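Asker: Input: one structure, supplied below.
The values are calculated or read from the model by the stated rules, or taken from the named source; none is laboratory data. From a predicted model like this one, the values you see are computed outputs, not experimental measurements. So basically every Cβ, Gly included, is an ideal-geometry build from the backbone, and we count neighbours across all protein chains shown. All accessible areas refer to the heavy atoms of the entire protein, side chains included, with ligands and DNA or RNA removed. Shrake-Rupley method; radii C 1.70, N 1.55, O 1.52, S 1.80 Å.
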Amino acid sequence: MTQLDRVALERVIAVINGKGGVLKTFLTANLSGFFAANGYRVLVVDLDQQGSLARDYGVRDDDDYDHGKALAAALMVQAALTNARKSVRENIDLIPGGRHLSGVSGYLMTKTPEQAILSLAQALEPFAGEYDVVLLDGPPGDQAIQNAALGAARWAIIPTKSDATSLDGLEQVNDRFEQVLPYNASIDLLGVVLTDVDSSAKAIKRKAIRQIHDMFGSDEPLFKSVIRHASAVVQTARDVGKLVLELERDANDGPQWWEIRRGEASSDTYIPSSVTGLAGDIHSLASEIVERLAAGESEEDGS
Ligand SMILES: Nc1ncnc2c1ncn2[C@@H]1O[C@H](COP(=O)(O)OP(=O)(O)OP(=O)(O)O)[C@@H](O)[C@H]1O
Ligand SMILES: [Mg+2]
């Protein structure tokens, strides 16, 4: 089998769920913001042909944005990826995704399973070790690229909404794990996170938690933190190309709603007050992730 330095890849985390719209991209971007604010060097990789991760950083329209060209070449013909990295914030580098990734899946299917599954691992290995965390933003659907993400990762985080079809996506990830394990024995589940949670729908949340419990045989995989539904903040963040943490800082520095109401400040700069709660959710999830990483790594050291 291809020789890979898995030590370089030990902090690679795939944010993955076969189902679309479960907040994979939102989490990748916003977790990177919290890690970077705490001094981690972070690499984020957009594996989606929609290329929406760059939008969350507000860099999608930059002239040097390559729409996934370098990443596609790396996955298909092992072209070097080192220079494709784009600095998007202090401590955060992005490997862009986008329309050039559309042909990758078909191409990988002409390869052996080993070559296809390890394609991303090989592309990242030369420089993944420079980072404290590498987050892979998985695509919806595209099985070959999802497999390549799990083939490169040490850990997987699965976001899911509480509805039945999103929960079905969890089972699909299970299938992906089975396909990848023969080529990447180190892949493990870091946890499942409930996203887009409506605080008034307590029964739905309880039902989803019960279903996840039944799927895994325990509550252990489920993160205690959930990500709340907060569409106004998320919309504002995307409109201005800022992360939630950055919006929260702006909100603390900017005008209050009563100042806008009195005409003392412009509503253009108004940030919904729910930013604080959403930022708190991301912060608490990021802390749990750090704890689980530390626990996983100390277990390895002890074994
Ligand atoms: N906390 C939130 N509350 C409400 N809406 C949200 C929240 N976070 C993200 N969204 C919105 O939900 C939609 C899906 O989010 P996102 O793009 O992160 O999901 P995804 O899993 O990456 O989707 P895809 O599978 O298409 O890549 C987006 O329109 C996003 O703006
Ligand atoms: Mg996405």
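Asker: Find the residue count for the range 149-179, including only residues that are over 18 Å from Ile227 (Cα atoms), of a type outside the set (Val, Ile, Thr) and under 15 Å from the mean Cα position of the chain (by Cα).
Answerer: Of the residues in that region, 6 qualify.
Asker: Please determine, by comparing only the residues of the range 194-248 that are among the basic types (Lys, Arg) and more than 16 Å from ligand 2 (Cβ to nearest atom), which one is most open to solvent (accessible area, probe 1.4 Å).
Answerer: That would be Lys224.
Asker: Restricting to the range 20-56, what's the tally of residues that are touching a Ser or Thr at 6+ places or on another chain (Cβ under 7 Å), within 9 Å of ligand 1 (Cβ to nearest atom), polar (S, T, N, Q) and touching a residue at least 60 places away in the same chain (Cβ under 8 Å)?
Answerer: 1
Condition check ((1) touching a His at 6+ places or on another chain (Cβ under 6 Å); (2) aliphatic (A, V, I, L, M); (3) at pLDDT below 95; (4) open to solvent by less than 50 Å² (accessible area, probe 1.4 Å)) across all residues:
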residue: Asp48; (1), (2), (3), (4): no, no, no, yes
residue: Asp56; (1), (2), (3), (4): no, no, no, yes
residue: Asn83; (1), (2), (3), (4): no, no, yes, no
residue: Val88; (1), (2), (3), (4): no, yes, no, yes
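Asker: Okay, moving on. Could you tell me which residue of the range 92-144 is least open to solvent (accessible area, probe 1.4 Å), considering only residues that are under 17 Å from Ala54 (Cβ atoms) and assigned to a helix (DSSP H, G or I)?
Answerer: Leu101
Asker: Kindly indicate which of Ala70, Ala74 is open to solvent by less than 10 Å² (accessible area, probe 1.4 Å), outside any loop (DSSP other than H, G, I, E, B) and either of a type outside the set (Gly, Ala, Ser) or more than 9 Å from ligand 1 (Cβ to nearest atom) (or both).
Answerer: Going through Ala70, Ala74 in turn, just one is open to solvent by less than 10 Å² (accessible area, probe 1.4 Å), outside any loop (DSSP other than H, G, I, E, B) and either of a type outside the set (Gly, Ala, Ser) or more than 9 Å from ligand 1 (Cβ to nearest atom) (or both): Ala74.
Asker: Scan the range 128-147 residue by residue and report those that are away from ligand 2 (no atom under 16 Å from the Cβ) and touching a residue at least 60 places away in the same chain (Cβ under 8 Å).
Answerer: Hits for the range 128-147 are Ala128, Gly129, Glu130, Tyr131, Asp132, Val133, Val134.
Asker: Which residue out of Asp196, Asp188 is of a type in the set (D, E, K, R), in contact with a helix residue (DSSP H, G or I) (Cβ under 8 Å, 6 or more places away or on another chain), under 20 Å from Leu135 (Cβ atoms) and in contact (Cβ under 8 Å) with a residue 40 or more places away in the chain?
Answerer: Checking each option against the conditions leaves just Asp188.
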